[in-house]
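What follows is a set of notes on a single structure, which appears directly below.
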Amino acid sequence: MNELQTILSDSVNGLLSERVTKTLVQKAEEGEFPAALWSEVEANGLTLVLVPEEQGGAGGTWADAAIVLKAAGEHVAPLPLADALLANWFLVQAGIEVPEGVTTLLDGDFTLEGGKISGEAPSVPYGRNAKQGVAIVKGEVVLVSLDGAEVEERINVAREPRDRVVLKGQAATAKKAPLPDNAMKLYGALVRACQMAGALGYLSSQSVAYANERTQFGKPIGKFQAIQQQLAVLSTQAAACGVVTDHACAQADKRGADAAFEIAVAKIRVDDASSIATSIAHQVHGAIGFTYEHGLHFATRRLWSWRAEFGAGREWAAELGRATIAAGADALWPHVTAR
C-alpha cells in the first residue's frame, strides 16, 4: 500500500469497526437511517475518494476506492457509501460540482428535456434518505434534487432500502461526460463486486474464528478434516475475489471503460463465489448461523442481494460470450492473454 491507501485503510476500517455494531445494523433494518455514522463518513472524506483534491476530495484512484468499498462490505455498513462514491465520480467526469448530503444512484428509464428530468428508477439505494440523485441520460450526467420526488419505499433481501423513485419534470443539472453508454451498469458492477469481495472476506474470517471456538466431541470443530477442507474452499473463494476485484480496479485506472472485460469477469467471479461461500459459512456455523440473533446473515443476505444488482453474473457472462463470438475464434486467445 502507498501512503494514501494506508491512511484510507486505517480510517475506514477504524471507523466502521468501531461504529457499525450489531445494534446499529438491526436498527437500520428496522428503518432507522444511521445519520450520525453518515456524518462521520462524510467528515472523513470517504465519499470523496475519487474526487480531485482541488474539489475537496482525496484525488484517489479506483485502486484506492477499492479499499473503502471492500471495507464497507466487510463491515456490512448500512449506508449508501458505495453508491455515493460512484455518484460523485460520475459528477466529476461531467464537471458538475459535488454537493453535500446523501447522494444516490438513479438507475432507471429517464428523459431529459429543457433542463428537466422525468422518469422512474425502480430500485434506488436509500432513495428515501437521499438528498439528491445522479442519473445518466443519453450520455449526460444528471444531478437532481430528490425533494418532491415520489418515493415508494421498498427493500431488498438484506432489508436495505431499494426504493422506487419517480421524477416528473424535476429541475436538474446535466452535462455531457466521456462515459460509455452502459456506464451506470458497468461501474455499478465494479463497486458491487468490491463490496462483495469485502463481505466474502468477512465470511471467511468469521467462519474460521467460529470453527476454532465451537467444540464437538471434546475439540474445536476446526480440527476436523472435513471442516478444514470446507474452510479452505471458503478462504480460497474470498482470496480469489479480492484479487480479481483489485485487478479490475487497476485496469479501470489504466484503461477506463476499456476495462469492461475485467469488470465483467470480476462480477461473474464474485457472484459465483457468493453462492459457494454463503453455503459453506452457514454449514460451518450450523443452526446458530440461521438465527437473526447471530450476525452471520448480515453479510450473507447482502451477498445474495448485491449479486443481482447492476447485472447478475450470468448477464455479464452472456455479454462476454456474445463479444467473444462476434470477435471470432482467432481473436480469443490474444484477447485473454493481453490482459
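The values are calculated or read from the model by the stated rules, or taken from the named source; none is laboratory data. The structure displayed is predicted, hence computed values, not measured ones. For neighbour counting, all protein chains shown are included, and Cβ atoms are generated from backbone atoms with ideal geometry for every residue, glycine included. The protein model used for the area step is the full one, side chains on, heavy atoms only, and it has no ligands, DNA or RNA in it. Shrake-Rupley method; radii C 1.70, N 1.55, O 1.52, S 1.80 Å.
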Hey, can you tell me all the residues within region 153-181 that are without any contact (Cβ under 8 Å) to a residue 60 or more places away in the chain and outside any strand (DSSP E or B)?
Glu153, Arg154, Asp181
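Condition first: buried (at least 17 other Cβ atoms within 10 Å of the Cβ) and out of contact with any helix residue (DSSP H, G or I) (no Cβ under 8 Å at 6 or more places or on another chain). Now tell me which residues in region 136-150 satisfy that. Show your work before the answer.
The initial filter retains those residues of region 136-150 that are buried (at least 17 other Cβ atoms within 10 Å of the Cβ), namely 136-137, 140-146, 149.
Answer for region 136-150, where residues must be buried (at least 17 other Cβ atoms within 10 Å of the Cβ) and out of contact with any helix residue (DSSP H, G or I) (no Cβ under 8 Å at 6 or more places or on another chain): Val137, Val142, Val144, Ser145, Leu146, Ala149.
Would you point out which residue out of Ala87, Ala77, Ala65, Ala58 is within 20 Å of the chain's Cα centre (by Cα) and modelled with pLDDT under 95? Before you say what the answer is, go through the steps one by one.
Values: Ala87 fails: modelled with pLDDT under 95; Ala77 fails: modelled with pLDDT under 95; Ala65 fails: modelled with pLDDT under 95.
The unique qualifying residue is Ala58.
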Residues in region 76-96 that are in a loop (DSSP other than H, G, I, E, B), out of contact with any Ser or Thr (no Cβ under 6 Å at 6 or more places or on another chain) and closer than 15 Å to Leu37 by Cβ: how many?
4
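What residue, among those in region 202-240 that are open to solvent by less than 30 Å² (accessible area, probe 1.4 Å) and touching a Gly at 6+ places or on another chain (Cβ under 8 Å), is nearest to Ala189 (Cα to Cα)? Reasoning before the result, please.
Let us first name the residues in region 202-240 that are open to solvent by less than 30 Å² (accessible area, probe 1.4 Å), namely 203-204, 207, 211, 221-222, 231, 234, 237-238.
Then keep just the ones that are touching a Gly at 6+ places or on another chain (Cβ under 8 Å); that gives 211, 231, 238.
Numbers: Ala211: 32, Leu231: 27, Ala238: 17 Å.
If we take residues in region 202-240 being open to solvent by less than 30 Å² (accessible area, probe 1.4 Å) and touching a Gly at 6+ places or on another chain (Cβ under 8 Å), then Ala238 is nearest to Ala189 (Cα to Cα).
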Which condition number in (1) of a type in the set (Val, Ile, Thr); (2) surrounded by 22 or more Cβ atoms within 10 Å (Cβ to Cβ); (3) within 20 Å of Ile263 (Cβ to Cβ) is the one that Thr61 fails?
(2)
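Got a sec? Which of Leu48, Leu16, Leu24 is modelled with pLDDT of 95 or more and open to solvent by less than 30 Å² (accessible area, probe 1.4 Å)?
Leu16
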Is it the case, given these coordinates, that Thr104 is modelled with pLDDT of 95 or more, open to solvent by 10 Å² or more (accessible area, probe 1.4 Å), β-branched (Val, Ile, Thr) and touching a strand residue (DSSP E or B) at 6+ places or on another chain (Cβ under 7 Å)?
no
